[in-house]
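J.: Take a look at this one; I'll ask things after.
The values are calculated or read from the model by the stated rules, or taken from the named source; none is laboratory data. Keep in mind that what you see is a predicted model, and the values were worked out from it rather than measured. Here the Cβ positions follow ideal geometry from the backbone for every residue, glycine too, while neighbour counts run over all protein chains shown.
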Amino acid sequence: MIAVQAEPIDVAAVLAAVEGESEGAAVLFVGRVRDHTGPRSVTHLDYEAYGAMAISEIEQLVRQAQHDRGAARVAVVHRTGRLEIGEAAVAIAVSSAHRPAAFEACRWLIDTLKQRVPIWKRESFEDGTEWVSDRP
């Protein structure tokens, strides 16, 4: 399961997509819209993506997590459009035979996704908006 979508994320479906009889561990990461950035109150977020390229990059990351980090099954879903406080912006689930690989692959996926995948976030505050980048 790989998706970049405007619809709300079904977190249970993301986790279910990686479950199997051969995998003893499953890790789920859900990134949600928080109500602040530093001292500033956030009112909502907007995400934009270069859809086809984002999917292609995520597919490459999934293959790399499976080949290099011991992930067996991986699901990645990221939202686009306007998101309100508390809504899920991204969900990543990873399963593996053992928990260390599942945890490490999941952490690597979210960190690398934020750096490499063409998805952009605009934070809205009471006094304006600001584009945010996790890229170096």
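J.: For residues that are outside any strand (DSSP E or B) and of a type outside the set (D, E, K, R), scanning just segment 26-46, find the one that is nearest to Ala93 (Cα to Cα).
T.: Going through the qualifying residues, I end up with Val33.
J.: Let me ask another. State the number of residues belonging to segment 57-76 that are exposed (fewer than 14 other Cβ atoms within 10 Å of the Cβ) and either over 25 Å from Gly20 (Cβ atoms) or touching a residue at least 40 places away in the same chain (Cβ under 8 Å) (or both).
T.: Residues flagged as exposed (fewer than 14 other Cβ atoms within 10 Å of the Cβ) and either over 25 Å from Gly20 (Cβ atoms) or touching a residue at least 40 places away in the same chain (Cβ under 8 Å) (or both) within segment 57-76 amount to 1.
J.: Out of all the residues in segment 8-28, is one or more within 22 Å of Glu130 (Cβ to Cβ) and in contact (Cβ under 8 Å) with a residue 60 or more places away in the chain?
T.: Going residue by residue through segment 8-28, those that are within 22 Å of Glu130 (Cβ to Cβ) are none.
No - not one qualifying residue is present in segment 8-28.
J.: In this structure, does Val74 turn out to be under 13 Å from the mean Cα position of the chain (by Cα) and either outside any loop (DSSP other than H, G, I, E, B) or not small (Gly, Ala, Ser) (or both)?
T.: yes
J.: Against the definition (assigned to a loop (DSSP other than H, G, I, E, B), at pLDDT 95 or above, touching a strand residue (DSSP E or B) at 6+ places or on another chain (Cβ under 7 Å) and among the hydrophobic types (A, V, I, L, M, F, W, C)), how does Val18 come out, yes or no?
T.: Yes, satisfied.
J.: Another question, if that's okay. In contact with an Asp or Glu (Cβ under 8 Å, 6 or more places away or on another chain), crowded, with 17+ Cβ neighbours inside 10 Å, under 19 Å from Pro8 (Cβ atoms) and of a type outside the set (A, V, I, L, M, F, W, C): does that describe Thr43?
T.: Here the answer is no, as Thr43 does not meet what is asked.
J.: Does segment 81-136 hold any residues that are within 15 Å of the chain's Cα centre (by Cα) and over 30 Å from Asp68 (Cα atoms), and which are they?
T.: Gly81, Leu83, Gly86, Glu87, listed by residue number.
J.: Restricting to segment 47-56, and then to whatever is in contact (Cβ under 8 Å) with a residue 24 or more places away in the chain and not in a loop (DSSP other than H, G, I, E, B), can you tell me which residue is surrounded by the most Cβ atoms within 10 Å (Cβ to Cβ)?
T.: Checking each candidate, the answer is Ala54.
J.: Condition test on Gly51, is it at pLDDT below 95 and either hydrophobic (A, V, I, L, M, F, W, C) or out of contact with any strand residue (DSSP E or B) (no Cβ under 9 Å at 6 or more places or on another chain) (or both)?
T.: No; evaluated as a whole, the condition is false for this residue.
J.: Right, next: Where residues in segment 77-136 are among the acidic types (Asp, Glu), exposed (fewer than 14 other Cβ atoms within 10 Å of the Cβ) and part of a strand (DSSP E or B), which of them is modelled with the lowest pLDDT?
T.: Glu130
J.: Quick check: is even one residue across segment 57-71 in a loop (DSSP other than H, G, I, E, B) and either under 30 Å from Ala97 (Cα atoms) or under 15 Å from the mean Cα position of the chain (by Cα) (or both)?
T.: Looking through segment 57-71, at least one residue is in a loop (DSSP other than H, G, I, E, B) and either under 30 Å from Ala97 (Cα atoms) or under 15 Å from the mean Cα position of the chain (by Cα) (or both).
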